[in-house]
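The values are calculated or read from the model by the stated rules, or taken from the named source; none is laboratory data. This is a predicted model, so every value here is computed, not measured. With ideal geometry, Cβ positions are generated from the backbone for all residues, glycine too; neighbour counts draw on all protein chains shown. In case anyone asks, the SASA skips ligands and DNA or RNA and just uses the protein heavy atoms, side chains included. Shrake-Rupley method; radii C 1.70, N 1.55, O 1.52, S 1.80 Å.
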Amino acid sequence: MEKKDVNAGDKVYVIYRNPHAANVANIQEAEVVDHPTEPGQKALFIHDSYHLLDEEDAIFPSYSEAEDMYNKLFDYEQYE
């Protein structure tokens with residue numbers, strides 16, 4: 001999905017990397033909201049904080065689409 005395709009109130013799924021452990025990632029549900037301090041900007045509300053939505057953020061409309069991409073990105077068998 002692209003930033004222009006989402007609206008405040010939409011539920012989306014993101015592949016979220018743990019900022020404290022770079023090799024840990026999981027799929028999280030997030031809500032698209034109007035950013036509280038950046039007028040006119042959209043944000044993801046996830047883990048009780050706001051993440052300014054960027055064009056490069058990979059957001060998915062469903063868990064299954066996020067899971068498909070997660071499996072492609074983290075398919076460790078391809079490296080064996």
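Exactly one residue out of 33, 24, 6 is open to solvent by less than 60 Å² (accessible area, probe 1.4 Å), modelled with pLDDT under 95 and out of contact with any Pro (no Cβ under 8 Å at 6 or more places or on another chain), and it is 6.
Pairs are defined by a Cβ separation below 7 Å, a sequence spacing of at least 6 or placement on different chains, a first member in region 41-64 that is touching a residue at least 60 places away in the same chain (Cβ under 8 Å), and a second member that is surrounded by 13 or more Cβ atoms within 10 Å (Cβ to Cβ); the pairs so defined are 61/1; 61/12.
Would you mind finding the one in 42, 72 that is of a type in the set (Lys, Arg) and touching a strand residue (DSSP E or B) at 6+ places or on another chain (Cβ under 8 Å)?
Testing whether each residue is of a type in the set (Lys, Arg) and touching a strand residue (DSSP E or B) at 6+ places or on another chain (Cβ under 8 Å) leaves just 42.
Filtered by the rule that a residue be over 27 Å from residue 75 (Cβ atoms) and either among the polar types (S, T, N, Q) or touching a residue at least 12 places away in the same chain (Cβ under 8 Å) (or both), region 8-40 gives 8, 9, 10, 31, 32, 33, 34, 35, 36, 37, 38. Against the list (1) open to solvent by less than 70 Å² (accessible area, probe 1.4 Å); (2) part of a helix (DSSP H, G or I), the condition residue 71 fails is (1).
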